[in-house]
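So the structure is just underneath, and the comments pick up after that.
A short reminder: the numbers here are calculations on the coordinates, not readings from a lab. Keep in mind that what you see is a predicted model, and the values were worked out from it rather than measured. Cβ placement follows ideal geometry from the backbone for every residue including glycine, while neighbour counts extend to all protein chains displayed.
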Amino acid sequence: MVTNLQNMWWPRVMTLVLWAVAAASLAGWGLRLGGASKPGQVAPVAMTAEVAVDPASLARLLGAAESSAAALVPAAASRFVLLGVVAGRSNTGAALIAVDGKPGRAFRVGSKIDEGVMLQAVEPRRVRLGSAADAATTLTLEMPAMRK
């Protein structure tokens, strides 16, 4: 008996194609019924905001007596927020600092940030502030911890 090999492969290829279409259809319906999101939808993400706590206010709330020297340092520290740092070699660089809740501005080392406050030094994750470039450091601002 003579068989034609081309005629034997035609039904096999068509059967394979039909099974592949059936498997793809079954997988698509399974994903749709299983609760997978549609391509245009994005799953909601819960955002948490960090809350800044003023130590002086917390101490007053808990009934601590307020001393004038201790109250000045937290008040000054709560006015400035370090947003970013570009540290260079040999104590050069710039820092992005927000003052009194306003949008951040860039300050170079030696720049006046506010009345009686100057940017003294920039380090990789913090800056030092003082009354003058060669005066003692009165305030150190650090970058917030990095989230993983």
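Put simply, the amide H of V85, placed in the peptide plane, has neighbours under 5 Å in L96, leaving out anything fewer than 5 places away on its chain. Projecting label points 7 angstrom from Cα along Cα→Cβ for D114 and R79 puts them 0.3 nm apart. 3J(HN,Hα) along the range 120-128: 8, 8, 10, 10, x, 10, 7, 10, 10 Hz, from the Karplus curve 6.51 cos²θ - 1.76 cosθ + 1.60 with θ = phi - 60°, whole Hz, x for Gly and Pro.
Can you put E142, E123, E115 in order of Cβ neighbours within 10 angstrom, beginning with the fewest?
Least crowded to most crowded, the residues run E115, E142, E123.
Extending 7 Å from the Cα toward the beta-carbon at both N7 and A22 defines two label points whose distance is 2.6 nm. Each residue of the range 103-116 is assigned a 3J(HN,Hα), and the resulting list reads x, x, 10, 8, 10, 8, 4, x, 7, 7, 8, 8, 4, x Hz, derived from the Karplus form 6.51 cos²θ - 1.76 cosθ + 1.60 (θ = phi - 60°), x at Gly and Pro.
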